[in-house]
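Notes follow once the structure below has been shown.
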Amino acid sequence: MKQARRLHRIFDLKREERLSVIGDGLEHLGAHVQQLMLSIERLLREGQKSGAGALQAICLEESAKALILLDIARTHDQKMARKGCDYFYSHLPRLIYANVHASNPADFGEIERYLTWLRPSHYLDGPNDVDWIWRNNLLRTRENALYVDYEETDEGYMWTGGDPDQFHIDTETARLVLAMKHAGLLTERGVRATAGVWKGASFDSGTRWEFCRDKAQEVLTAALAPDTGPSEGLGSALRLIREKWTFPLLSLDLKEEAVSMETLRERQDRYLSSQYGLDDYW
């Protein structure tokens, strides 16, 4: 009988064997992301935007899973690395991985601050920053791409989802993963190079992005075969990896932060009271 969701069992293996299993998983994920991107491109050419959007949502999370596996390899604190197994199976951590790698954080502290916006289950927004209550934007975008649903909003009940004009999914992270595949990082050799270069590495909130750029270059130097010839495609892949492969994220809490609707409504009431006088407003 097959038992799914068993990534945590890799920590029953010795480190050398674990890296081999991770390398095998990365090859599978790289091939899957590549096939998904080809299907997305075909659907977009045919004008099938809704179908393309659904595949983009899946492709985004499969790309994030590759980055999580690489983080498990480059995180030598085993307790911290084990968190990657939980994140591998959770939608929001995967979406945060994709979102962070699609951005350009100047330092690790910027990623830490960014999480205060990415993790809350609900948040306030609108012209006055308190007008409407929204669900977590990353999860809402994912669900709008995949499903049609009947939702309750501040303006009443309505059908949502399935309309490509209602959501946008960035494929930058998938491009990064495909660049890694091109450069040979999604292999056992690439995993071992990654683990070796990041062994003993330390960083804090003030560590600049150039630290990751230099580490990426070291990994690429170790992973590329000595007889690898230059090409325009490979050059573009290497540049993208140096620019986008950011800090390991397993030291951070990426799980959803529960924010109650009551708390947000109290903030709305306080704003109305301070701006208009609550009694006058009502």
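The values are calculated or read from the model by the stated rules, or taken from the named source; none is laboratory data. In this text, all values refer to a predicted model and were calculated from it rather than measured experimentally. Because the Cβ atoms are built from the backbone with ideal geometry, glycine has one as well, and the counts that use them run over all protein chains shown. The protein model used for the area step is the full one, side chains on, heavy atoms only, and it has no ligands, DNA or RNA in it. Shrake-Rupley method; radii C 1.70, N 1.55, O 1.52, S 1.80 Å.
Key figures for this structure:
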| quantity | calculated |
| --- | --- |
| Residues that are open to solvent by 30 Å² or more (accessible area, probe 1.4 Å) and either among the charged types (D, E, K, R) or at pLDDT 90 or above (or both), drawn from segment 163-181 | Asp163, Asp165, Asp170, Thr171, Glu172, Arg175, Leu178, Lys181 |
| Positions within segment 226-239 being open to solvent by 60 Å² or more (accessible area, probe 1.4 Å) and in a helix (DSSP H, G or I), in sequence order | Glu232, Arg239 |
| Residue pairs meeting the criteria (Cβ under 7 Å; at least 6 apart or on separate chains; first touching a residue at least 12 places away in the same chain (Cβ under 8 Å) and in a loop (DSSP other than H, G, I, E, B), in segment 1-13; second surrounded by 13 or more Cβ atoms within 10 Å (Cβ to Cβ) and of a type outside the set (A, V, I, L, M, F, W, C)) | Arg5/Tyr89 |
| Total residues in segment 89-116, condition in a helix (DSSP H, G or I), over 14 Å from Arg142 (Cβ atoms) and open to solvent by less than 20 Å² (accessible area, probe 1.4 Å) | 6 |
| Test: residue in segment 124-141 that is at negative phi, surrounded by fewer than 14 Cβ atoms within 10 Å (Cβ to Cβ) and part of a helix (DSSP H, G or I) | no |
| Qualifying residue in segment 245-252 (condition: outside any loop (DSSP other than H, G, I, E, B) and buried (at least 18 other Cβ atoms within 10 Å of the Cβ)) | no |
| Test for Ile40: is it over 20 Å from Pro93 (Cα atoms) and open to solvent by less than 30 Å² (accessible area, probe 1.4 Å) | yes |
| Any pair with Cβ under 9 angstrom, 6 or more apart, that starts in segment 73-92 at a residue that is on the phi > 0 side of the Ramachandran plot and ends at one that is part of a loop (DSSP other than H, G, I, E, B) and open to solvent by 10 Å² or more (accessible area, probe 1.4 Å) | none |
| Those helices (runs of 4 or more DSSP H) lying entirely in segment 148-225 with at least 1 residues within 12 Å of Leu238 (Cα to Cα) | 172-183, 209-223 |
| Selection within segment 143-161 - open to solvent by 30 Å² or more (accessible area, probe 1.4 Å) and in contact (Cβ under 8 Å) with a residue 40 or more places away in the chain | Leu146 |
| Condition check for Arg119: among the basic types (Lys, Arg) and buried (at least 19 other Cβ atoms within 10 Å of the Cβ) | yes |
| Condition broken by Ile96, with the remaining ones in (1) under 21 Å from Trp209 (Cβ atoms); (2) more than 17 Å from the chain's Cα centre (by Cα) satisfied | (2) |
| Residue pairs meeting the criteria (Cβ under 8 Å; at least 6 apart or on separate chains; first at pLDDT 95 or above, in segment 203-220; second open to solvent by 50 Å² or more (accessible area, probe 1.4 Å) and not in a loop (DSSP other than H, G, I, E, B)) | Phe203/Phe211; Ser205/Glu112; Arg213/Arg242; Arg213/Glu243; Ala216/Arg242; Gln217/Arg242; Leu220/Arg242 |
| Unique residue being over 24 Å from the mean Cα position of the chain (by Cα) and at negative phi when the list is Gln217, Gln268 | Gln268 |
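Condition check ((1) in contact (Cβ under 8 Å) with a residue 24 or more places away in the chain; (2) in a loop (DSSP other than H, G, I, E, B); (3) over 14 Å from the mean Cα position of the chain (by Cα)) across all residues:
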position: Glu17; (1), (2), (3): no, no, yes
position: His28; (1), (2), (3): no, no, yes
position: Gln35; (1), (2), (3): no, no, yes
position: Ala52; (1), (2), (3): yes, no, yes
position: Gln56; (1), (2), (3): yes, no, no
